[in-house]
Amino acid sequence: MADPWREQGAMRFEGRDGPRLSFAACEGPGRAELTLLEDDVVRLRWFPTGAPRMTRTWAVVGRAGDVGPEGRERADLGVFACPEPAVEVSAERVVLTGRGVRVEVTLAPFALRCLLPDGTVVLEDHPDLAYRHARGGGRGVRHTLRRDPGEVFLGLGEASGGIDRHHRRHRLRPSDALGYDAERSDPLYKHLPIVLSLTPGGHAAGLLYDTAAETVVDLGCEIDHYVGPFRYTEVRAFELDLYVLLGPALSDVVRRVQDLTGYAPLAPRWSLGYLGSTMRYTDAEDPRSELAGFVEEVRRHDIGCSGFHLSSGYSMGDDGLRYVFEWNRRRVPEPAAMLEPLRAAGIRTLANVKPALLTSHPDYADLAARGAFVRQAESDGDAPYRGRFWGGQGSYLDFSGPAAYDWWRARLRERILEVGVDASWNDNNEFQIGDDAARCAAGEAGDLRPVLTLLMNHASRAAQRDVRPDARDYQVTRSGGLGTQRYAQTWSGDNVTNWHTLAYNLPMGLSMSLCGWANHGHDVGGFAGPPPDAELLVRWIEQGVTMPRFTIHSWNDDGSATEPWSHPEVVPLVRRLMRLRTALVPYLATLQHAACARGEPITRPLVYAFQDWRPGWRESFVHMLGPALLVAPVLEPGARTRRALLPPGAWLELGTGTVWPGETWAELEAPLGRPALLLREGHALPLADATAVDDPRPAWLAGGAGVAAPAIAWLTHPTSAGEVRGELIWDDGVGRAFERGQVDRFELEGTLGRADVTVSLRVSAASGCGVSAHRVLVPGGTERLPWFGTGWASVAPRTVNG
């Protein structure tokens, strides 16, 4: 069988233009550009046919922070610092040197080697296989690097399996993967071609491929004795646009990913509460009655709920098909009236919307005439591209053109948001277009599927800003690619109900964190399959309360809905866990500020938090929540303890008060309903005090101008020297005043020795919300909080303004 790949071969150096070095093939039309964008970021563009095909990007925005629906010219370097590199040229190679990186370019054959300033090699192209392209000028480029068997490979978003991707092959082509196996299924919903690596010496680097084309990443699954260990990324595109990110800290690489692709918006505080959801209610004959019943059950069980997802049943016609933006006026004669029970209970709403129209949709013919749909390949004519969608034939909207973008923005505004819905839930948006040659306004579908998802979210955000310009941006999306974190929170799609999913959804979320998408979660209780039994539901809720997004969502095989009260015998445990979630909101809100401003993940794998500790590099099932709290979920039935290898330091087991030394195995107590949580030494954890969560629907969770923060209890675990510190950031929780610096900052610092207790709380109050009461809890007393077995003694901090 003939080799489908052609080597790039030798190239010659053509010269430089500022930070950009140009190369041309010695034989054939190939060209390449190497550019130093930042002190530790290098970009390689390779055009096997001699010229770019995709001239615009929607993913990489640099210092601009965002782009309009038209995207950004890839050739524009104005959004980068572009420091002047030192360049050495010889007959055999070219060397580019910046403050944080050295790149050695071998010319024959063309290959790169990337080093840190101290000479440590962190990435090296394979000398014989580095750059190959499909024969005949078709779609397909392949980038091959040398692979060290001791390397750890991270990233690729929510790809299945453990956090270390070594020896796996993953395909990135968003798919509606209902009921997937969280350990093995591939592909899934997202397209995040980001590969982070950790050398055996502990140095981190990253490769970010700015492409929306189908991508296969092989990290040692394929083996060939004759060429040695290798890994490759294969893109079904006509060119390569690659960003090389040099650490050596993994945290620096994760931040650089967001410097390139943008930072997440600060979500409203109510989104940190319990968000209800199920398919059943809006599919019912009387959705309003079902929603009113949900509100009544919430009240009866004394459980708080701050938001609710309206599944697409409200748009389901009497023919059983779903028509986006079309309310079923027989079952829902007055949409605002359907929402009233939720609104009266202070529960915000998100409406499910889908980016394809069935051919029987009342707007289909008009939109087809206006060119608003993705069209067939040129060889097949000019009609809309059609495929199966939710039980019928339909066409995807082409959000890269103004007809679809403007229609969507107007319809979402008029039919959803102005009716009283608070946010959009952008669902089923994988854009499963089977023909790469299908046409969009911005190019071929093969280069644009995740871009269409991004632009759907872009248009939805525009509609929300039209209606509520002073409110924070917030929406949810199932699919997404590079840059979509700028617009939406996400979740891991339609998981299946079992213990295996409970376990392997964890590394899926942690990998999302490493790819710059901090605001994520999972369908607690499982979406597809049988309803969870009582033990599995409680354990899933234990895990869910420590995630950025906490939602119970289901489409159970027996037609039931998974709800907090599904098993009456464990409702007291569920209620207590819901209160714990509310108590964690001040800490979660602080972490969200750090994620949006500095790119710090909310949930953090141990390899991120303790990069110098090798035993944690491949840990998939224990993680940090922010810098202070270690989470060790119970992941198997019948267990009442959780064995975990603890990272360096000393750890206070909140359930028992036991202090565990680091780098040892600990048998943690985990009775049903009490997650195994450990507080890191030297840290203070700001929780809403127990009295502040007596009301399951506190006003401070909803937020608003002038709404004071709750009373705060700072849980502390001093170092051996008695030192402790912590931070709380607070604001109105709903508006954009934080963008003008109107936030309150509380910085706790002190010494908690046996004979001397000195704790200062530095307060910088600028939000106008008012400063609440604060107290410091020191281990060793007799007071107990509802969620933990540790005994505490209360200390009043000395408040210092400024």
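The values are calculated or read from the model by the stated rules, or taken from the named source; none is laboratory data. Since we're looking at a predicted model, the values are computed, not measured. Please note: Cβ atoms are built from the backbone with ideal geometry, for glycine as well, and neighbour counts cover all protein chains shown. SASA here: full protein model, heavy atoms, side chains in, ligands and nucleic acids out. Shrake-Rupley method; radii C 1.70, N 1.55, O 1.52, S 1.80 Å.
A compact table of results
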{"quantity": "Assigned charges on the beta-carbon of Lys, Arg, Asp, Glu; the stretch 307-411 dipole about Cα centre (debye)", "calculated": "400 debye"}
{"quantity": "Whole-Å semi-axes of the ellipsoid equivalent to the stretch 130-209 (Cα gyration tensor, √5λ, descending)", "calculated": "22, 21, 10"}
{"quantity": "D (Stokes-Einstein, µm²/s), Kirkwood Cα radius, the stretch 255-306, 0.692 mPa s at 37 °C", "calculated": "236 µm²/s"}
{"quantity": "Cα-based equivalent ellipsoid of the stretch 381-428: semi-axis lengths in Å, sorted from largest, via gyration tensor", "calculated": "24, 15, 8"}
{"quantity": "Computed accessible area, His683, all protein chains, 1.4 angstrom probe, square angstrom", "calculated": "40 Å²"}
{"quantity": "Average projected area [Cα convex hull, the stretch 353-419], square nanometres", "calculated": "4.7 nm²"}
{"quantity": "Highest to lowest packing among 533-541, 282-290, scored as the average C-beta count within 10 Å", "calculated": "533-541, 282-290"}
{"quantity": "Area of Leu777 that stays accessible when all protein chains are in place (1.4 Å probe, Å², to 10)", "calculated": "0 Å²"}
{"quantity": "Distance between the stretch 724-802 and the stretch 420-471 - C-alpha centres, whole angstrom", "calculated": "41 Å"}
{"quantity": "Cα-based Rg of the stretch 268-393 normalised by 2.2 N^0.38 Å, two decimals", "calculated": "1.30"}
{"quantity": "Radius of gyration and maximum dimension Dmax of the stretch 638-780, Cα, Å", "calculated": "17.5, 51"}
{"quantity": "The stretch 445-518 - Rg (one decimal) and Dmax (whole number), Cα, Å", "calculated": "14.5, 43"}
{"quantity": "Charge context of Arg461, other residues only, Cβ under 12 angstrom, K/R +1, D/E -1", "calculated": "+3"}
{"quantity": "Ranked packing of 500-513, 254-267, most packed first, by mean Cβ within 10 Å", "calculated": "500-513, 254-267"}
{"quantity": "Note, ³J(HN,Hα) from phi for the stretch 188-198, Karplus 6.51, -1.76, 1.60, rounded to Hz, x at Gly and Pro", "calculated": "10, 8, 10, 9, 10, x, 10, 10, 9, 10, 10"}
{"quantity": "Accessible surface of the chain [probe 1.4 Å, protein heavy atoms]: carbon and sulfur percent", "calculated": "49 percent"}
{"quantity": "Positive-end extreme of charge dipole, the chain - chosen from Pro718, Thr453, Ala765 (charges on Cβ)", "calculated": "Ala765"}
{"quantity": "Rounded Å value of the spacing that divides the Cα centres of the stretch 566-620 and the stretch 98-155", "calculated": "36 Å"}
{"quantity": "Amide H partners (placed H, <5 Å) of Leu172, local residues excluded", "calculated": "Thr215, Val216, Val217"}
{"quantity": "Long-range amide H partners of Cys221 with built H, under 5 Å", "calculated": "His167, Arg168"}
{"quantity": "HN-Hα J in Hz across the stretch 462-467 - Karplus 6.51, -1.76, 1.60, θ = phi - 60°, x for Gly and Pro", "calculated": "4, 5, 5, 5, 4, 7"}
{"quantity": "Among 116-129, 77-90, 701-714, the order from most to least packed when residues are scored by Cβ within 10 Å on average", "calculated": "701-714, 116-129, 77-90"}
{"quantity": "Under-5 Å amide H pairs with Gly155, H placed in peptide plane, nonlocal only", "calculated": "Leu196"}
{"quantity": "Three-way shape label, the stretch 380-481, alpha-carbon gyration tensor, a/c 1.5", "calculated": "prolate"}
{"quantity": "Residue-normalised accessible area of the stretch 597-739, given per residue in Å² at a 1.4 Å probe", "calculated": "34 Å²"}
{"quantity": "Within the chain, helix-based [θ] at 222 nm, where runs of 4 or more DSSP H residues each add -39,500 (n - 2.57), nearest 500", "calculated": "-5500 deg cm²/dmol"}
{"quantity": "J(HN,Hα) series, the stretch 162-167, from Karplus relation 6.51 cos²θ - 1.76 cosθ + 1.60, nearest Hz, glycine and proline x", "calculated": "x, 6, 8, 8, 4, 6"}
{"quantity": "Accessible area, probe 1.4 Å, largest first, for residues His225, His203", "calculated": "His225, His203"}
{"quantity": "Probe 1.4 Å - accessible area at Trp792, Å² to nearest ten", "calculated": "0 Å²"}
{"quantity": "Exposure ranking of Thr782, Thr656, Thr35 by accessible area [1.4 Å probe, largest first]", "calculated": "Thr782, Thr656, Thr35"}
{"quantity": "Per residue value of the accessible surface for the stretch 270-356 (all protein chains in place, 1.4 Å probe), Å²", "calculated": "33 Å²"}
{"quantity": "With 10 Å bins from 0: P(r) over the stretch 35-145, alpha-carbon pairs, percent", "calculated": "12, 35, 38, 14, 1"}
{"quantity": "Neighbour net charge for Arg775 - beta-carbon separation under 11 angstrom, K R +1, D E -1", "calculated": "-2"}
{"quantity": "Rg/Rh for the stretch 491-577, where both radii come from Cα atoms and Rh is the Kirkwood radius", "calculated": "0.97"}
{"quantity": "Formal net charge of residues neighbouring Val763 (Cβ-Cβ distance under 10 Å; K, R +1; D, E -1)", "calculated": "0"}
{"quantity": "Whole-Å semi-axes of the chain's equivalent ellipsoid (Cα gyration tensor)", "calculated": "42, 35, 24"}
